[in-house]
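FYI, it's all coordinate maths here, none of it is from the lab. Just so we're clear, the structure is a prediction, and the values are computed from it rather than from any experiment. Cβ placement follows ideal geometry from the backbone for every residue including glycine, while neighbour counts extend to all protein chains displayed.
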């Protein structure tokens with residue numbers, strides 16, 4: 001009786017909203033807007049808003065498809081067991097159709113309103129996240145996060161291309177920065193929640209390669225990130241304001257990563273350095289991309305040359 | 001048979017879903033209208049060399 005009642009009750013709209021992973025979306029929207037604002041040229045605010053909406057809706061669609069595919073895995077992890085599908089509040093088919101519709105609509109509108117290059121990159125990013133990452137690589141390789149980072153790295157690239165209409169070195173650098181930032185960001189998290197992934201058989205780096213190797217790799221990516229974030233300044237794509245910000249922010253990132261990378265956690269450890277690195281990594285990306293935008297407007301208004 | 005309280009719950013869910021879908025569709029209609037206006041106004045500003053007849057005000 002109670003089963004029939006649950007099945008008959010239509011899914012709450014809030015569960016569809018939850019399916020779009022709104023928290024992840026903030027970083028997608030923010031880096032997308034930064035890519036758009038940092039690009040040379042201008043875009044009409046209405047078109048800029050539409051482009052951002054398409055990027056956000058595309059990300060929402062791929063998040064929904066991701067949760068449709070991984071519902072059985074999510075059910076086995078404490079962090080995700082309460083998501084709409086594993087908790088039984090939504091029919092998987094609805095989630096699949098919802099995700100597919102959002103993905104298709106976002107690409108179509110992007111193509112018609114902004115341009116087909118931006119739409120093609122958006123379509124590829126959705127395919128990349130929903131298929132290459134979720135279906136193909138995540139269950140197969142501990143490098144899943146490294147490659148999956150590419151999916152999160154697309155928004156600033158799409159935002160930039162929406163303004164300029166072509167791909168140059170600068171948007172590719174923004175892509176690479178997020179790409180290299182993702183592994184230390186995610187592995188810091190994986191170090192303090194690793195048990196969950198082991199239970200459902202997802203090969204996360206700490207489980208497969210060991211905690212020590214993961215720590216070293218976090219440090220390795222942080223070492224790579226520091227010079228990479230300076231390249232936009234070095235090639236003249238961004239000014240001194242950005243260059244100094246990137247140097248300071250990335251140095252702190254490297255410092256926190258070194259604390260995580262060079263230590264060994266005892267059983268019962270509170271994992272404070274790992275939690276601090278994870279929290280800082282989010283702050284870091286927000287401020288770094290913010291600095292890029294402030295830098296461009298400072299240059300435009302003659303505050304710096 | 002379905003109990004009235006359950007039916008009420010279902011109707012409440014349907015109403016809130018209809019409201020959200022309605023708001024989204026309304027928002028999209030406004031957005032597409034705004035995009036159309038902007039597109040009509042912006043194309044001549046790119047000094048289109050072809051014989052595109054300019055319809056935007058303020059454009060000679």
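Per-structure values
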item: Mean Cα-pair separation over length for segment A:1-167, i.e. relative contact order, pairs under 8 Å, 6 or more apart, %; result: 33
item: Near-label residues of segment A:119-149 by backbone N, under 13 Å of a point 7 Å along Cα→Cβ of residue A:200; result: A:134-135, A:138-139
item: Highest-fluctuation residue, A:206, A:84, A:267 considered, GNM on chain A with Cα pairs under 10 Å; result: A:267
item: Cα gyration tensor category, rounded, prolate or oblate, for chain A with a/c compared to 1.5; result: oblate
item: Order of A:70, B:6, A:266 - criterion: other Cβ atoms within 10 Å of each residue's Cβ, fewest first; result: A:266, B:6, A:70
item: Estimated distance in nm for a label pair at residue A:124 and residue A:166, the labels positioned 7 Å out from Cα along Cα-to-Cβ; result: 1.7
item: FRET efficiency, residue A:271 to residue B:37 (Cβ-Cβ, R0 51 Å, nearest 0.05); result: 0.40
item: 222 nm mean residue ellipticity, helices alone, for the protein assembly as shown (DSSP H n ≥ 4; -39,500 (n - 2.57); rounded to 500); result: -25000 deg cm²/dmol
item: Segment A:168-299: C-alpha gyration tensor shape, a/c 1.5 cut-off, then a/b vs b/c; result: prolate
item: Gaussian network model of chain A, springs between alpha carbon atoms under 10 Å - residue of A:93, A:158, A:287 with greatest fluctuation; result: A:93
item: Theoretical FRET efficiency, 1/(1+(r/R0)^6), r = Cβ-Cβ of residue A:248 and residue B:17, R0 41 Å, to 0.05; result: 0.25
item: Relative contact order of segment A:168-299, pairs being alpha-carbon contacts under 8 Å that are 6 or more residues apart, as %; result: 30
item: Residue of A:134, A:31, A:168 that the Gaussian network model of chain A assigns the largest fluctuation, springs spanning Cα pairs under 10 Å; result: A:168
item: Sites residue A:17 and residue A:301 - FRET efficiency at Förster radius 45 Å, r taken between beta-carbons, to 0.05; result: 0.70
item: Relative contact order %, chain A, counting alpha carbon pairs below 8 Å whose residues are six or more apart; result: 18
item: Packing-based exposure ordering (other Cβ within 10 Å, fewest first) of A:288, A:47, A:226, A:277; result: A:226, A:47, A:288, A:277
